[in-house]
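These notes are about the structure you will find just below.
Readers should treat all values here as calculations from the given coordinates under stated rules, not as data from a laboratory. As the structure is a computational prediction, the values presented were derived from the model and not from experiment. Every residue, glycine as well, gets a Cβ built from its backbone with ideal geometry; the counts of neighbours run over all protein chains shown.
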Amino acid sequence: MSARAAITVENLAKSYGGVHALKGISFEVGRGEILGLLGPNGSGKTTTVTLLSTLQRPTAGAASICGADVVSDAARVRELISLTGQYASMDDTLTAVENLSVFGRLTGLRSARLRSRIDDVVEQFDLGGVRDRRVGALSGGMRRRVDIAAALITRPQVLFLDEPTTGLDPRSRAAVWDTVAGLRAEGITVLLTTQYLEEADRLADNIVMLDQGSVVASGTPGRLKQQAGAAVCEMTLADRADTGRVLERLADLEVIDAPDDSAASTTHPRVVVRAPDGMGTVREVIARLEAVRIDVIDIGLRQPSLDEVFFQLTETAR
């Protein structure tokens, strides 16, 4: 493992009686990078965060933060990190600035230094317009920004964000994404746990995929997408009744997705096939469908998504 890593995890395991939440996972995060830790509920994401933030002790294996061991040097680790859980930990009855002040005092900041740090994070997270408003009256996305600002009041070297956009609407989620992306420019190392593959694809430098307590894949978003194979040809049919004929005409191609004929639906069906020859496959599909006069509303070539990578890898691991 690299000496420059901000987070190092080696064969980390955690068991609760006969339940093995983590089964010996290993990965590292470079300084100033964002790592996306992906997985469904129960995959071990939150357990990993609680072990790395010293809230629990591992059953086996080792982990360190900027060289400090999470077990033998836990006090030092706590000086280096900050953590936000799945839900904003703000006091709804206090204003944004009052919440920031509480968090700053809890971490030892006082007087002029505290006021200076509050001013810094208010400017950094564009909270000037809400600094004196009660947090309970803020939108979900703005509450999250205040929450993350509070976590950064002491300038940690490593920030753990445990599913920070859970329950947020799309507009609020996008606002939090902008906030997290800005942390990279500050040189802060971020471990982001999420169930949203789009979120990891947009934010993460590298991704670790967990399933049932084990690492099933890791790498950059682009490299993981390559593991799903070639690009795909995606088409939307004009008439659902044509689905069977389309599948017959494309029987020699690998079908990735097709509608369930038994399911009643008024939507236009979508068929996706592997496109090993790229646009050549798309042209071939168009020619075959035109030959039997099957109309399509839309057809095109696209790269595999992280969702498809994840589903493929987790199905293989089971």
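Note on the chain: GNM, Cα springs under 10 Å; of T59, T47, T236, the largest mean-square fluctuation is that of T236. Taking 0.36 nm per residue of separation and subtracting the Cα-Cα distance, full extension of the segment from F311 to D252 would add 19.0 nm.
Which entry is the computed log10 I(q)/I(0) by the Debye sum over Cα atoms at q = 0.08, 0.12, 0.13, 0.16 Å⁻¹ for this structure: (1) -0.47, -0.80, -0.89, -1.16; (2) -0.48, -0.88, -0.97, -1.22; (3) -0.36, -0.79, -0.92, -1.27? Recomputing log10 I(q)/I(0) by the Debye sum over Cα atoms at q = 0.08, 0.12, 0.13, 0.16 Å⁻¹ here gives the entry labelled (2).
Nearest 10 degrees, 0 to 90: what angle lies between the long axis of helix 170-185 and the longest principal axis of the chain (Cα atoms)? So the helix axis and the longest Cα principal axis differ by about 60 degrees. Here's the list of aspartates and glutamates a cross-link from K23 could span, going by alpha-carbon distance under 15 Å and ignoring same-chain residues fewer than 8 apart: E10, D211. Taken as Cα centroids, the stretch 208-223 and the stretch 109-155 sit 33 Å apart, rounded to the nearest whole angstrom. The coefficient of translational diffusion for the stretch 232-302, derived via Stokes-Einstein from the alpha carbon Kirkwood radius under 20 °C and 1.002 mPa s, stands at 178 µm²/s. To the nearest ten degrees, helix 140-151 and the longest principal axis of the Cα atoms of the chain are 50 degrees apart.
Positive end of the dipole of the chain (Cβ unit charges, origin at the Cα centre): among G136, L301, N206, the Cα lying farthest that way belongs to G136. Ignoring lysines fewer than eight residues from K225 along the same chain, the ones with Cα atoms less than 23 angstrom from its Cα are K45.
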